[in-house]
Amino acid sequence: MNGIGWPLVESCAQLLARDEREAVLGDLLEAGEGAVQAIFGIFGLIVRRQLSLWKNWHPWLAAFGVALPSSFLLMGTSVVVSLGYQHLTGSGAHGRFWMLACQAFLLLAWAWSGGFVVGRLSPRTLWASMALCFSPCLFCLARFRTPSLSRLSLLLFLLPALIGVYQGLRRIPIGRKTAIGFAFVVTAVMLLLGSREVLWVGNWLLLWPAWYMAVAAWKSGPTAAPSGNKRKIQENAAR
């Protein structure tokens, strides 16, 4: 394999998991294949790995049960919150403020919990979930026709969703009480807005990630403190 082709092969191999990257490159060197054949071989392996992941239900739930429907619903809520902020003037502003605060809280909670569940459920197929989330965003951005609002008002949910994905990928533990309390608070706020008929029925689909987190935390039990924290706790108790 010539000097120009091998760096290309190594670059393609970066798409493989670290534990199998060296083994694959070693096999290609021993086989003495050309750069083109080696690159096709690597991409063929990547495709087979990805297809095998979709035999499980986790990627399907993350992509089509959370990412795709949540994208449409969260964009709608982002616009509602943006319009509510614009109208936060004049008489009755106090009542509108609390309504807006509840809607903004739900937007953040729905986006973060949805992102967390996507990152936790299927990290190795995150690319598919991200594509299904961003495709509706691009479609709606191109057709946004509300003169009083910026197109970016559609994307208020994006930052908390990305934070949730990051925490889900890092598998940051969430305590049982925290997860269950979070789910109850989100449900209570949704019931409050639903009683005032300002919550669209489709938004209830955004609730299930919070309860998924609560059930998962309940099954996993109380989160154990790291050993270093345990030692500090014991030392403080001894004092």
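The values are calculated or read from the model by the stated rules, or taken from the named source; none is laboratory data. As the structure is a prediction and not an experimental result, all values here were calculated from the model. Glycine gets a Cβ as well: all are built from the backbone with ideal geometry, and neighbour counts include every protein chain shown.
Number of residues in the stretch 50-78 that are in contact with a helix residue (DSSP H, G or I) (Cβ under 6 Å, 6 or more places away or on another chain) and over 16 Å from Gly115 (Cβ atoms) equals 1.
The C-beta contact set for the stretch 48-63 (first residue surrounded by 14 or more Cβ atoms within 10 Å (Cβ to Cβ), second residue in a loop (DSSP other than H, G, I, E, B) and of a type in the set (A, V, I, L, M, F, W, C), distance under 9 angstrom, 6+ apart or interchain) comprises Arg49/Leu16; Arg49/Ala17; Trp60/Trp54. Might you let me know whether the stretch 161-173 holds any residue that is more than 15 Å from Ala62 (Cα to Cα) and of a type in the set (Val, Ile, Thr)? Yes, the stretch 161-173 contains a residue that is more than 15 Å from Ala62 (Cα to Cα) and of a type in the set (Val, Ile, Thr). Here Thr125 passes the criteria (1) among the polar types (S, T, N, Q); (2) under 17 Å from His58 (Cβ atoms); (3) free of Cβ contacts under 8 Å to residues at least 40 places away in the same chain except the one numbered (3).
Pairs linking a residue in the stretch 165-189 that is assigned by TED's automatic domain parsing to the domain that holds Ser129 and in a loop (DSSP other than H, G, I, E, B) to a residue that is among the small types (Gly, Ala, Ser) and at pLDDT below 95, with Cβ atoms under 6 Å and 6 or more positions apart or on different chains, are Ile174/Ala217. Within the stretch 125-162, restricting attention to residues that are charged (D, E, K, R) and assigned to a loop (DSSP other than H, G, I, E, B), which residue is farthest from Ala67 (Cα to Cα)? Among those that are charged (D, E, K, R) and assigned to a loop (DSSP other than H, G, I, E, B), it is Arg145.
Here Leu132, Leu152, Leu158 are screened, and the one residue that is surrounded by fewer than 18 Cβ atoms within 10 Å (Cβ to Cβ) and either of a type outside the set (Lys, Arg) or touching a Leu at 6+ places or on another chain (Cβ under 7 Å) (or both) is Leu152.
Just one of Arg120, Arg171 is of a type outside the set (Ser, Thr, Tyr), in contact with a Lys or Arg (Cβ under 8 Å, 6 or more places away or on another chain) and buried (at least 17 other Cβ atoms within 10 Å of the Cβ); which is it? So that I can check it myself, show each step before the final result.
Numbers: Arg171 fails: buried (at least 17 other Cβ atoms within 10 Å of the Cβ).
It is Arg120.
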